1. May I ask for the percentage of alpha-carbon pairs in the stretch 72-126 that lie more than 18 Å from each other?
2. Compute the FRET efficiency between SER63 and GLN3 as 1/(1 + (r/R0)^6), taking r as their Cβ-Cβ distance and R0 = 25 Å, and round to the nearest 0.05.
3. Could you work out the relative contact order of the chain? I mean the mean sequence separation of Cα pairs under 8 Å and 6+ apart, divided by the number of residues, in percent.
4. Take the stretch 1-100, compute every pairwise Cα distance, and split them into 5 Å bins from 0; I just need the percent in each bin.
5. Counting Lys and Arg as +1 and Asp and Glu as -1, what is the net charge of the other residues whose Cβ lies under 13 Å from the Cβ of ALA101?
6. Quick check on the stretch 45-108: what does the Kirkwood estimate of hydrodynamic radius come out to from the alpha carbon pairs, in Å?
7. Quick check: residue separation of ASP29 and ASP114 times 0.36 nm, minus the Cα distance between them. What number comes out in nm?
Amino acid sequence: QVQLVESGGGSVQAGGSLRLSCAASGRTDRRYCMGWFRQAPGKEREGVASLSSHSGRTYYSDSVKGRFTISRDNAKNTLYLQMNSLKPEDTATYYCAAVLALGCFGLGSANGFDYWGQGTQVTVSS
């Protein structure tokens, strides 16, 4: 019931910053848990951050806490991931995702989300 499109990926040096965007369309009037995930070659897809569309409550993985910030602009139907102090181990394809829910109650797993964007590549060089 919602379509997601990511943008904003690119290549940066360690210590640099990027802001990823996820534009949503469709039934954006419903309540969702929104999440950012990443997947590096040969590794499992892992949750990075989540946000409740209604309350704005957020969760972060330990590896990005203090460096990344998830936010949304409801008027623009857009989800953001601000990434600061980037490290080479942050290199991955980043995906935004959504699932119908009253809210997020933690950092969700990938198999709990129903709607996905196409992904955007982030590469961090040392």
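FYI, it's all coordinate maths here, none of it is from the lab. Nothing here was measured: the structure is a model prediction, and the numbers come from that model. Cβ: placed from backbone, ideal geometry, glycine included. Neighbour counts: every protein chain shown.
1. Working: 702 of 1485 pairs.
For the stretch 72-126, the share of Cα pairs beyond 18 Å comes to 47 percent.
2. Computed FRET efficiency for SER63 and GLN3 comes out at 0.30.
3. Value for the chain: 37 percent.
4. Bin by bin from 0 Å, the calculated values are 3, 13, 25, 26, 18, 10, 5, 1.
5. Numbers: positive: ARG30, ARG31, ARG57; negative: ASP114.
Here the count lands on +2.
6. Answer for the stretch 45-108: a Kirkwood hydrodynamic radius of 12.6 Å.
7. Numbers: separation 85, 0.36 × 85 = 30.60 nm, distance 1.65 nm.
Here the answer is 29.0 nm.
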